[in-house]
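Worksheet: the structure to be examined is printed underneath.
The values are calculated or read from the model by the stated rules, or taken from the named source; none is laboratory data. These numbers were taken from a predicted model, which means no experiment stands behind them. Ideal geometry is used to build each Cβ from the backbone, glycine not excepted, and the neighbour counts take in all protein chains shown. Calculation scope for accessible area: heavy atoms of the full protein, side chains included, ligands and nucleic acids excluded. Shrake-Rupley method; radii C 1.70, N 1.55, O 1.52, S 1.80 Å.
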Amino acid sequence: SWVDSNGGFSCVLTGPVTITADVVYQGAGIFVFFYKPLLAGTYLASVRLGAGDIPGSPFDSVVEPGKTLTAACTASGLGLLCAHAGVEAAFSITARDEHGNQRSQGGDQFDVGLTGPVCFNADVTDMNNGTYAVKYNTIMCGDYFVNIRRDGTPITGSPFVLSVVAGKTHG
């Protein structure tokens, strides 16, 4: 009978990617749609019965990023690779979930330490959108290791190698 499979229902979500949902008959005229999006974003869920959309379709479906996975977090910016002594340098950290989605809110604790001719911690500011602004200033030239950790665990790529060169002289 028509309830043995999907009852003539289908569901396709379109958004960052296209996903076809599985339709399962639960009995008593109840159908459940199962889908597992990996990419965060806004999707439109088009639910059809036979050849036509059901009333109200398509429906909005917002998929939020999952919890932060330290190994998926990234750091980028010029200040991660090179800097001038005596001049403030900066880079950013992006918190990501296990699928690489940028977190949409802050709250993670990142610690950034620089080791080289001198050792010190950088200032980390939570931007409350899944990114963190990092600033530092060193007066000593030389090569440094930039260690970025979340809850004591290094992010992928850490430690990064930083080269600090002499700043411009005035005269």
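Which percent of the accessible area of the stretch 1-147 is formed by carbon and sulfur heavy atoms (probe 1.4 angstrom)? So the carbon and sulfur contribution to the accessible surface is 56 percent. When the stretch 1-138 is described by a simple charge dipole with +1 on each Lys and Arg Cβ and -1 on each Asp and Glu Cβ, the residue from GLN102, VAL47, HIS84 located farthest towards its positive end is VAL47. As a length-normalised measure over Cα pairs under 8 Å and 6 or more apart, the relative contact order of the stretch 16-66 settles at 30 percent.
Count charges around PHE33 for me, please; just the other residues with Cβ under 15 Å from its Cβ, Lys/Arg as +1, Asp/Glu as -1. Around PHE33, the surrounding residues sum to -1.
The share of Cα pairs per 5 Å bin across the chain, counted from zero up to the longest distance, runs 2, 8, 14, 14, 11, 9, 8, 7, 6, 6, 5, 4, 3, 2, 1, 0, 0, 0 percent.
Each residue of the stretch 65-107 gets 83 Å³ once the volume of the Cα convex hull is shared out per residue. For THR74, the accessible surface of its heavy atoms amounts to roughly 60 Å² (probe 1.4 Å, protein chains only, rounded to the nearest 10).
Computed from point charges on the beta carbon alone (+1 for Lys and Arg, -1 for Asp and Glu), the dipole magnitude for the stretch 1-119 about its Cα centre is near 100 Debye. Among ASP53, ASP97, the order of accessible area from largest down is ASP53, ASP97, computed with a 1.4 Å probe on protein heavy atoms.
Taking all protein chains together and rolling a 1.4 Å probe, ASP143 ends up with roughly 110 Å² accessible.
Stokes-Einstein diffusion of the stretch 88-171 at 10 °C, 1.306 mPa s viscosity, Kirkwood radius from Cα pairs, rounded to a whole number: 115 µm²/s.
By definition, a body whose alpha carbon gyration tensor gives a ≥ b ≥ c is oblate when a/c is 1.5 or more and a/b is not larger than b/c, and the stretch 18-61 fits this oblate description. Heavy-atom accessible surface of the chain, averaged per residue, reaches 57 Å², computed with a 1.4 Å probe.
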